[in-house]
Every structure is written in structure tokens, then in C-alpha cells.
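Undergrad: My structure is below; once you've seen it, I'll send some questions.
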Ligand SMILES: *Cc1c(COP(=O)(O)O)cnc(C)c1O
């Protein structure tokens with residue numbers, strides 16, 4: 001039986017289904033598998049030619065007991081989840097012409113055109129599968145820096161056993177991202193635009209934590225979360241590391257580097273865990289914009305919260321990379337007591353400075369960079385002008401980091417993760433390309449369609465959010481609970 005435990009040590013081990021449906025562990029920690037399965041070279045060789053969905057089945061099977069989801073059920077869930085993706089291969093790759101051995105992994109061909117579709121396509125379908133089987137309902141509440149919200153809303157829309165509330169910081173995400181959420185007309189989707197968020201989406205996470213702590217409310221509405229703290233997302237995101245690796249190596253066993261635009265560290269944590277399992281990754285590169293929490297962690301050994309800066313890569317304007325605690329747990333031999341104390345220290349002082357031994361332990365195999373908007377825009381322009389390939393601002397942050405760290409990457413192949421389609425960020429693209437007219441590659445039919453649809457949205461000021469949200473959610477629940 002594969003068991004899941006809290007990385008802060010509280011509660012009892014639970015099975016996969018419980019870990020997924022609970023979101024957070026009972027003690028507020030993050031669920032992790034009790035042991036990470038190992039994947040050897042032989043296994044990787046057998047997986048070499050699998051398509052994305054077939055590979056996902058193999059990787060996920062290492063984490064899910066067949067008694068919880070049968071082979072057939074897991075295959076079905078995966079088929080349903082990735083059917084709406086626009087490319088047959090789900091995740092295409094592009095080799096840059098202007099750089100040696102550098103590949104872009106396009107994680108944005110899902111229905112809401114960001115990499116959040118990858119994790120949420122699976123997770124939301126999985127949750128609904130569990131709920132249908134148990135004949136139960138759940139209310140999902142998520143906060144978004146612009147991309148989680150659309151993906152969570154899209155995959156929840158019309159699902160029989162789910163009600164989904166998505167909170168976004170009004171004015172801090174693009175209008176295109178906003179419309180992806182507000183133009184869904186389904187009765188079970190509730191976008192909430194929150195004005196005056198001083199610290200972006202981190203503010204909203206705080207309110208969600210308060211809703212969770214409100215036990216009677218939580219029990220009544222059966223709250224859960226599909227934020228990147230949910231194990232299901234991290235687990236699913238491991239698959240694209242295996243997939244990208246197998247696509248670009250000449251021989252299995254060869255080491256490659258992977259650069260990842262990072263905010264909450266969910267994506268990169270998955271990469272770190274894939275490497276712990278045995279995937280031959282040389283360096284993982286944490287690519288930050290000027291909100292450089294991860295860069296401080298990996299270059300200075302300091303986890304600290306600073307003022308938020310609005311940047312051109314707004315989806316990674318995040319101050320607290322919560323999933324770092326998940327990776328750290330494995331790096332320090334699962335010492336949950338230490339994790340618990342650091343989290344407490346961070347909550348009270350806003351800073352944790354790691355001792356030298358811990359720093360050395362976790363930073364092995366990681367590099368990091370913090371890029372300015374100018375560097376990000378320049379690289380979008382350079383690559384578009386020289387090889388007619390258009391990066392979005394987040395993919396660009398990864399390429400800036402790869403360029404900057406090229407020498408340390410030791411002539412090995414570099415895979416840069418591109419996490420969004422450029423059409424979600426039209427004003428940044430215009431600025432980067434010094435034009436007022438977007439090229440066709442910077443547009444997307446789904447974004448164009450959403451411009452012509454009615455918006456359906458709740459609006460609220462951050463000051464009143466907790467109370468207002470409880471009122472709205474409770475009213476909705478009371479009006480619809482005979483369902
Ligand atoms: C969410 C997001 C990221 C960051 O992913 P994390 O898992 O939070 O580190 C990067 N790019 C885009 C476009 C995103 O939406």
C-alpha cells in the first residue's frame with residue numbers, strides 16, 4: 001500500500017485518495033509519498049518511445065495503488081483529461097536555432113493555454129471520479145496569479161460533483177486571463193475578482209487558509225483545494241520531466257539541464273522529485289523574475305519574503321514558494337520536525353536563514369537566476385527576430401536564465417520550459433516587439449472568442465473578502481444543496 005504523510009509530521013499516514021481529496025494534510029502540512037519510487041535506466045529505456053499519455057500512465061502507476069484506481073479507470077481518466085489538448089503529442093518540443101542544444105518544451109497547448117492545464121486536467125478529473133464513486137460533493141477554492149484560475153474553472157465546468165470558486169487579484173492579471181474565467185457560463189463556476197490585493201495572489205492564499213481554519217464552514221461546504229499544494233498536481237507534473245528528457249536525449253542515461261520559470265515551486269519541485277527518483281538531470285535551474293525568493297534560497301540559503309514587484313511575467317509574481325518545503329523534506333532525510341520549525345519561523349519572522357549543512361544538502365544540483373523585465377523583453381524580441389519563434393514572458397525568463405548560466409551547464413543539453421502561450425500577455429508582447437500590432441502567432445482563437453462573450457463574475461474588495469466570500473459561498477450552497 002502506498003501511503004502519504006505530512007511533511008510536517010502530523011496526523012496518520014493516509015492513502016492516495018485521501019491525500020488528493022484533502023489537499024492539505026490534517027496538520028496543515030503538505031502530503032508526500034512515504035517513499036519515492038526508484039526508476040532505473042532499464043525502465044527509462046522501456047519508456048523511451050511512449051506518448052505522453054501512455055508515459056503518464058506508467059509514472060502515475062508508481063504512486064497509485066490499483067485497489068484505489070484500476071488500470072482501466074486510470075487510463076480512462078487520463079484519456080478524458082488530455083483529450084481537449086490541441087496537439088496530438090500534447091507537449092511538443094522546439095529546438096532553438098540560435099543556441100546550441102537548447103530546446104523549448106511547450107506546455108501550453110491545453111484548453112486554457114498555460115502549463116496549469118497539465119496538472120489540473122488530471123487532478124480535477126481525478127477528484128470528480130472519486131466524488132462520483134463516493135456520491136459526494138466538494139467545493140474547490142483556488143487563488144490564481146492568472147493561470148491556475150482559468151484551468152481550474154475550465155476543467156471543473158459542468159462537472160457533476162464540484163463547485164469551484166476562483167479568486168483573482170483584480171488588475172494584477174491580464175484581461176485575457178480574466179476573461180478565460182469570467183466568460184464560462186456554467187452554474188458551478190464562480191470567479192471572484194478581488195480589488196486592492198497588496199501582495200498579489202499571496203493575499204488570497206491567506207484568506208483561503210482562513211476559510212480552511214473555519215471548521216464549521218469547511219465541513220458544511222466540504223472545502224478542498226487544487227492549488228499547487230495538492231499532491232496530485234506535483235505528481236502529474238513529474239511526467240513532463242520524464243517525457244521531455246526521453247524526447248531530447250540521444251541515449252538514455254545522458255544528463256541534461258532543465259530551466260523552469262518558477263513561482264510557487266510546484267513545477268520545479270516535481271522536477272526535483274523526478275530526479276530523486278532517478279531521472280538523469282544535471283542541473284535544475286530555478287528561473288525567477290525580480291520576485292526572487294527562489295533565487296535567494298538557492299544562491300544565499302535564505303528563504304525570505306520581500307515586497308512584491310509587478311513584472312512582465314506576472315504569473316510568477318509570487319512571494320512564497322510553498323512547494324520548496326516539499327522538496328526540502330526529501331533533501332534532509334525526511335526530518336519533518338525541522339520542516340515544521342522552519343515554517344513556523346518563516347510565519348513569525350518572514351525569514352529563514354538555513355544552516356550551512358542544510359544549504360549544501362538542498363542546493364546540490366540546483367542553479368538559479370533572477371531576470372529583469374528588460375532582459376525578458378529583449379530575449380523575446382531577439383528570438384522572434386532571428387528565428388521567428390515567439391516566447392511568452394515566462395518561457396523567456398527560463399531562456400534568460402539558461403543563457404546566463406550557460407557555462408555552468410557544462411555543454412549538456414538544456415530544456416527550457418515554456419509555460420504559457422504568448423496570446424495571454426498581448427501588451428508585454430507588443431512592448432517586446434516594439435509594435436502596436438500583434439503578429440498572428442501572438443493571438444489565439446480561444447482568447448479571441450472570449451472577447452465576445454458575457455462576463456459572469458463576483459466582485460469584492462480585499463478588505464471585506466473573508467466575510468463577503470463566506471456570505472456568497474454559503475448562500476450559493478443553501479440555494480443549490482438539494483442537488
Ligand atoms: C504558474 C506558472 C508558473 C510557475 O509555476 P510554479 O509551479 O508556481 O512554480 C510559471 N509560468 C506560468 C505561465 C504559470 O502560470
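Undergrad: With the condition being in contact with a strand residue (DSSP E or B) (Cβ under 7 Å, 6 or more places away or on another chain), I'd like the helices (runs of 4 or more DSSP H) fully within the range 391-483 carrying at least 3 qualifying residues.
TA: Result: 393-404, 465-480.
Undergrad: Filter the range 198-220 for residues that are more than 18 Å from residue 462 (Cα to Cα) and in contact (Cβ under 8 Å) with a residue 24 or more places away in the chain and give the result.
TA: 214, 217, 220 - these are the residues of the range 198-220 that are more than 18 Å from residue 462 (Cα to Cα) and in contact (Cβ under 8 Å) with a residue 24 or more places away in the chain.
Undergrad: Is it fair to say residue 375 is surrounded by fewer than 18 Cβ atoms within 10 Å (Cβ to Cβ) and either modelled with pLDDT under 95 or in a helix (DSSP H, G or I) (or both)?
TA: No, not satisfied.
Undergrad: Being without any contact (Cβ under 8 Å) to a residue 60 or more places away in the chain and in contact with a strand residue (DSSP E or B) (Cβ under 8 Å, 6 or more places away or on another chain) narrows it down to one of 346, 359, 366, so name that one.
TA: Of 346, 359, 366, the one residue that is without any contact (Cβ under 8 Å) to a residue 60 or more places away in the chain and in contact with a strand residue (DSSP E or B) (Cβ under 8 Å, 6 or more places away or on another chain) is 346.
Undergrad: Another question, if that's okay. Can you list residue pairs whose Cβ atoms sit under 6 Å apart, with the first residue in the range 281-310 being at positive phi and the second being crowded, with 20+ Cβ neighbours inside 10 Å and assigned to a loop (DSSP other than H, G, I, E, B)? Count only pairs 6 or more apart in sequence or on different chains.
TA: Every condition considered, the pairs that remain are 301/354.
Undergrad: Hey, among 440, 413, which residue is modelled with pLDDT of 95 or more, more than 16 Å from the ligand (Cβ to nearest atom) and closer than 27 Å to residue 100 by Cβ?
TA: Exactly one of 440, 413 is modelled with pLDDT of 95 or more, more than 16 Å from the ligand (Cβ to nearest atom) and closer than 27 Å to residue 100 by Cβ, namely 413.
The values are calculated or read from the model by the stated rules, or taken from the named source; none is laboratory data. Just so it is clear, the structure is predicted and the values come from calculations on it, not from any experiment. Positions of Cβ are backbone-derived with ideal geometry, glycine not excepted, and every protein chain shown enters the neighbour counts.
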